[in-house]
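A.B. asks: Sharing a structure, written as structure tokens. Questions coming.
The values are calculated or read from the model by the stated rules, or taken from the named source; none is laboratory data. Since we're looking at a predicted model, the values are computed, not measured. Cβ placement follows ideal geometry from the backbone for every residue including glycine, while neighbour counts extend to all protein chains displayed. Side chains included, ligands, DNA and RNA excluded: accessible areas come from the protein's heavy atoms. Shrake-Rupley method; radii C 1.70, N 1.55, O 1.52, S 1.80 Å.
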Number of protein chains: 4
Amino acid sequence: MKRDKPKYKQIVDAAIIVIAENGYHQAQVSKIAKEAGVADGTIYLYFKNKEDILISVFKEKMAIFIEDLEEILKRNISTSEKLFKMIDNHFRLLHEDRYYAIVTQLELRQTNKELRMQINGVLKEYLTLLDNILKEGMDNGTLDDSIDIRLARQMVFGTMDETLTSWVMKDQKYDLMKLSVGVHRLIMKALQA
Amino acid sequence: MKRDKPKYKQIVDAAIIVIAENGYHQAQVSKIAKEAGVADGTIYLYFKNKEDILISVFKEKMAIFIEDLEEILKRNISTSEKLFKMIDNHFRLLHEDRYYAIVTQLELRQTNKELRMQINGVLKEYLTLLDNILKEGMDNGTLDDSIDIRLARQMVFGTMDETLTSWVMKDQKYDLMKLSVGVHRLIMKALQA
Amino acid sequence: MKRDKPKYKQIVDAAIIVIAENGYHQAQVSKIAKEAGVADGTIYLYFKNKEDILISVFKEKMAIFIEDLEEILKRNISTSEKLFKMIDNHFRLLHEDRYYAIVTQLELRQTNKELRMQINGVLKEYLTLLDNILKEGMDNGTLDDSIDIRLARQMVFGTMDETLTSWVMKDQKYDLMKLSVGVHRLIMKALQA
Amino acid sequence: MKRDKPKYKQIVDAAIIVIAENGYHQAQVSKIAKEAGVADGTIYLYFKNKEDILISVFKEKMAIFIEDLEEILKRNISTSEKLFKMIDNHFRLLHEDRYYAIVTQLELRQTNKELRMQINGVLKEYLTLLDNILKEGMDNGTLDDSIDIRLARQMVFGTMDETLTSWVMKDQKYDLMKLSVGVHRLIMKALQA
DNA sequence: CATGAATGAGGATTCATTCAT
DNA sequence: CATGAATGAATCCTCATTCAT
């Protein structure tokens, strides 16, 4: 499996750094190769083309988000706590990797429609898990089941996304981790039964 | 004033159509010029460069959003009603101009960081008016004044934005106008005192 | 019409020189542009792509061959004389343009199959005129009408082509024009009734 | 001797197949290696470089042409019969190996000037044998000794070559072997005393 | 004011060849 | 002898912008 080889990871990590530091449009393949410490041509032994690198950047990291969220879902805790853990973990993962935060919140959105469609496909899995928490909450009486599930999801994700993008655009100057409590409280107030 | 001349408006309108129909990356200056019925060079008599056209596209339309919102703020109605009018009017303006909806929610986000910083500058005026509604609500006891104003704003705008983007990405297949009531109710529930 | 503009001809002429001097695979677009005294991008105002330049090189010159041959066909001279004029004129045109001789006899044959198919399409018109001379000769009793017309044509063209290629590969060191009499005599002997 | 080892032949045969099936420009070394069932690097134990493979392809087969022609020359038959046997054998060898026919008549001509010079060197030996037949014919009074020997050779080879190329380009749809009689007759008529 | 022909910088990708194992 | 992962040079084309008319 190619993605288990060390150079695969080297290149994905290099891509994140190069995109974060130079911006999406200035992230040339040769720059990524140099950062990864491999020849330009080596990139193409592991990736079909440049787009394939970008998809992989998103997928590799998103896998961690999904894995964490699946673990949270399995825990024997309340719906409210699950939502808090989701928000807090999501914020934490971006807080811990400032390069990745820039890449997902700003740079990867500059891609063409086709690439974004693929990114959305990956994102969908994450949003489905969020839907599962929301449904569970509506079923167990914690959340207001008269609220449209899609609207609820858009509110949760929209609020998180806007909060994260603002934080990144302000050069991550304030403490993101302090915000998860407030975001959770607001969301719970909006959704509770 | 250049922006009062007929060709200025011709070019801005042409840009919206060309971007919406071809996507941001396929919206060449020559295509915009052709759609506007002017020569390529004429564009540069009215705009500094291509970025300037895009900023203007955003500014011209955003002026209407701001004008409408200022009018709403002046009305002698409750804070809740003001928020509803804001959401409903915002949705309506995008609902009425499907091209502009595509351009703001999808295409204009593919621009580089610098351009988006400028767009955010324009957007800020609109968000300040939203802040004014929120402050007013907190002052008159309608809204919970323990909520951080920035967080409240991010929730309101994030929810609206996520709702609009989903609608555009689903090819505007369902009725956006029906959603304003639900969005307003959710937001009020989250923010009310 | 683009091909009437001076730059069109400039570029075609430059392409012939660059290909002849550097070889087909070393004839970069930028080299052709430099030789033509225009910017790289200007090439693409007159030609769809690099292949289009090469087709045009062949077409432009071949038009002269065809025009001349059509004129020869109309003359009130014997079949033998027509064949001689064809050979002599063909040799003369390549003799007068040493660059074009290299390009057609050596370099243009290195192209891919697709391009050669297109070149053959242009060449076909010339060979059809040759067929007309041969048919006329068979009809008026000058040439042996028991010879397969296709074979006759292949003999005439094959002999000319081999003669020309040998001359070019020997760096055009001997006098090509002296050969047309011998080639004509040999061909007439082979074909005469 | 490297060329006696089994892998040498494997690689040459693989090259013919790969070039015939994919075309010269799509015949990558890695494809040839795969077809031959060896590693890419192994190619370079038997050949100096890619060009060297192509030369060898030509040489290996041309050796058969030459061997056959030498045998024909030794026979106690007339000059006319020798010429017929040469043409008939040449056609037959290409008729029996459709891949090689494609490679020599079409694909190997797409090579650069330098490689074709080398190919011509190999071909020269064959053409010298042809010259010997022609000289013999002129000496024994069968052929017209006033014809320039080089011109005679160009006519013979040019006619054969043009006939073969046409046959290959028409996808070898008609029976090549039936053409040798006609080609021989035409050539004899042209050259006879 | 308006035109549109001309400019020229910039980058993803392929593939022959090498060399450590 | 044999392998195959790694190398890195090399090029066509687009399109925002200019400026002579």
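A.B. asks: Would you please report the Å³ per residue occupied by the convex hull of the alpha carbon atoms in the stretch A:1-80?
C.D. replies: On the way: hull volume 9.2 nm³, N = 80.
Taking the convex hull of the Cα positions in the stretch A:1-80, it is 115 Å³ per residue.
A.B. asks: How big is the dipole moment of the protein assembly as shown about its Cα centre under a simple scheme where the beta carbon of each Lys and Arg is +1, that of each Asp and Glu is -1, and everything else is neutral? Debye, nearest 20, please.
C.D. replies: On the way: 116 positive and 116 negative charges, 111 e Å.
Charge dipole, the protein assembly as shown, about its Cα centre: 540 debye, nearest 20.
A.B. asks: Still on this structure, I have one more. Do me a favour and compute the ellipsoid semi-axes for the stretch B:69-135 from its Cα gyration tensor, root of five times each eigenvalue, largest one first, whole Å. Could you put the intermediate results ahead of the total?
C.D. replies: On the way: eigenvalues 131, 51, 11 Å².
Semi-axes (√(5λ), whole Å): 26, 16, 7.
A.B. asks: What average number of partner chain Cβ atoms lie no more than 10 Å from the Cβ of the residues making up B:160-169? Numbers along the way, then the final one.
C.D. replies: Details: counts 4, 5, 11, 5, 2, 3, 6, 1, 0, 4.
If you average over the peptide's residues, the count of other-chain Cβ atoms is 4.
A.B. asks: Between C:Lys34 and C:Asp148, what is the spin-label point distance in nm, taking each point 7 Å from the Cα along the Cα→C-beta axis?
C.D. replies: 5.0
A.B. asks: Right, something else. Got the B:Asn49 label distances to the other copies yet, label 7 Å along Cα→Cβ, in nm, shortest first?
C.D. replies: Spacings between copies for this position, smallest first, are 2.8, 3.0, 4.4 nm.
A.B. asks: Taking the Cα centre of the stretch D:1-47 as the origin, how large is its charge dipole in debye, to the nearest 20, when only Lys and Arg (+1) and Asp and Glu (-1) carry charge on their Cβ atoms?
C.D. replies: Values: 7 positive and 5 negative charges, 40 e Å.
Magnitude of the dipole: close to 200 debye.
A.B. asks: Let me ask you something else. Calculate, for D:Val181 and D:Ile64, the FRET efficiency according to 1/(1 + (r/R0)^6) with r their C-beta to C-beta distance and R0 35 Å; round to the nearest 0.05.
C.D. replies: Values: r = 23 Å, r/R0 = 0.65.
That gives a FRET efficiency of 0.95.
A.B. asks: Here is a follow-up. So what J values fall out for the stretch B:141-152 if you push phi through Karplus, 6.51 cos²θ - 1.76 cosθ + 1.60 with θ = phi - 60°, rounded to Hz, Gly and Pro as x?
C.D. replies: x, 6, 10, 5, 7, 8, 7, 4, 4, 5, 5, 4
A.B. asks: Report, as a whole number in µm² per second, the diffusion coefficient that Stokes-Einstein gives for the protein assembly as shown at 37 °C and 0.692 mPa s using the Kirkwood radius over alpha carbon pairs. If you can, show how the numbers build up before the last one.
C.D. replies: Values: Rh = 33.0 Å.
Using the Kirkwood radius from Cα pairs, D works out to 99 µm²/s.
A.B. asks: Other chains near C:110-120: what is the mean number of their Cβ atoms within 10 Å of each residue's Cβ? Intermediate results must be reported in sequence, preceding the final value.
C.D. replies: Details: counts 9, 3, 5, 7, 1, 1, 4, 1, 0, 0, 1.
Neighbouring Cβ atoms belonging to other protein chains average 3 per residue here.
A.B. asks: If you roll a 1.4 Å probe over the heavy atoms of the protein chains, what accessible area per residue do you get for the stretch D:97-162, in Å²? Mind showing how you got there, number by number?
C.D. replies: Details: 2600 Å² over 66 residues.
On a per-residue basis, the stretch D:97-162 sits at 39 Å².
A.B. asks: Give a residue-ordered list of calculated ³J(HN,Hα) values for the stretch D:120-127 (Karplus: 6.51 cos²θ - 1.76 cosθ + 1.60, θ = phi - 60°; whole Hz; x for Gly, Pro).
C.D. replies: For the stretch D:120-127, the Karplus-derived couplings read 4, x, 5, 5, 4, 4, 5, 5 Hz, x marking Gly and Pro.
A.B. asks: Amide H of B:Leu106 versus every other amide H placed in the peptide plane: which residues, excluding those fewer than 5 positions away on the same chain, fall under 5 Å?
C.D. replies: The answer is none.
A.B. asks: Sticking with this one: In nm, to one decimal, how far is the modelled label at D:Met169 from the one at B:Thr42, with both set 7 Å along Cα→Cβ?
C.D. replies: With each label point 7 Å from Cα toward Cβ, the separation is 5.0 nm.
A.B. asks: Restricting things to alpha carbons, tell me how big the stretch A:52-191 is in terms of Rg and Dmax, in Å.
C.D. replies: Spelled out, the Cα radius of gyration and Dmax of the stretch A:52-191 are 15.0, 44 Å.
A.B. asks: Taking the Cα centre of chain C as origin, work out the dipole magnitude from +1 charges on Lys and Arg Cβ and -1 charges on Asp and Glu Cβ, in debye rounded to 20.
C.D. replies: Details: 29 positive and 29 negative charges, 80 e Å.
Computed charge dipole of chain C: roughly 380 debye.
A.B. asks: Accessible area of the protein assembly as shown with a 1.4 Å probe: how many percent of it is carbon plus sulfur?
C.D. replies: Numbers: 17820 of 36040 Å².
Roughly 49 percent, rounded to a whole number.
A.B. asks: So the label point sits 7 Å from Cα along the Cα-to-Cβ vector; using that for A:Gly37, what distances do you get to the other copies, in nanometres, sorted shortest first?
C.D. replies: In nanometres, ordered from closest: 4.1, 5.4, 6.3.
A.B. asks: Separate question: Hey, if you put +1 on the Cβ of every Lys and Arg and -1 on every Asp and Glu Cβ in the protein assembly as shown, which of D:Ile147, C:Asn112, C:Pro6 ends up farthest toward the positive end of that dipole?
C.D. replies: Of the options given, the answer is C:Pro6.
A.B. asks: Here is a further query. At the nearest 100 Å², what buried accessible area, both sides summed, do you get for B and A when the probe is 1.4 Å? Could you put the intermediate results ahead of the total?
C.D. replies: Working: alone 10480 and 10480 Å², together 18030 Å².
Buried surface at the B/A interface: approximately 2900 Å².
A.B. asks: Considering the rotational relationship between chains D and A, which residue of chain D contributes the beta-carbon of minimal distance to the axis, and what is that distance to the nearest Å?
C.D. replies: D:Gly41, 4
A.B. asks: Placing the label point 7 Å from Cα along the Cα-to-Cβ direction, what are the distances from D:Lys170 to the equivalent spots in the other copies, shortest first, in nm to one decimal?
C.D. replies: So the label point of D:Lys170 gives 3.3, 6.4, 8.1 nm to the other copies.
A.B. asks: Near the amide H of B:Gln192, under 5 Å away, which other amide H atoms are found, from residues 5 or more places off or on another chain, if H is placed in the peptide plane?
C.D. replies: B:Asp144
A.B. asks: Can you give the FRET efficiency to the nearest 0.05 for A:Asp4 and B:Leu127, using r as the Cβ-Cβ distance and R₀ = 56 Å?
C.D. replies: 0.75
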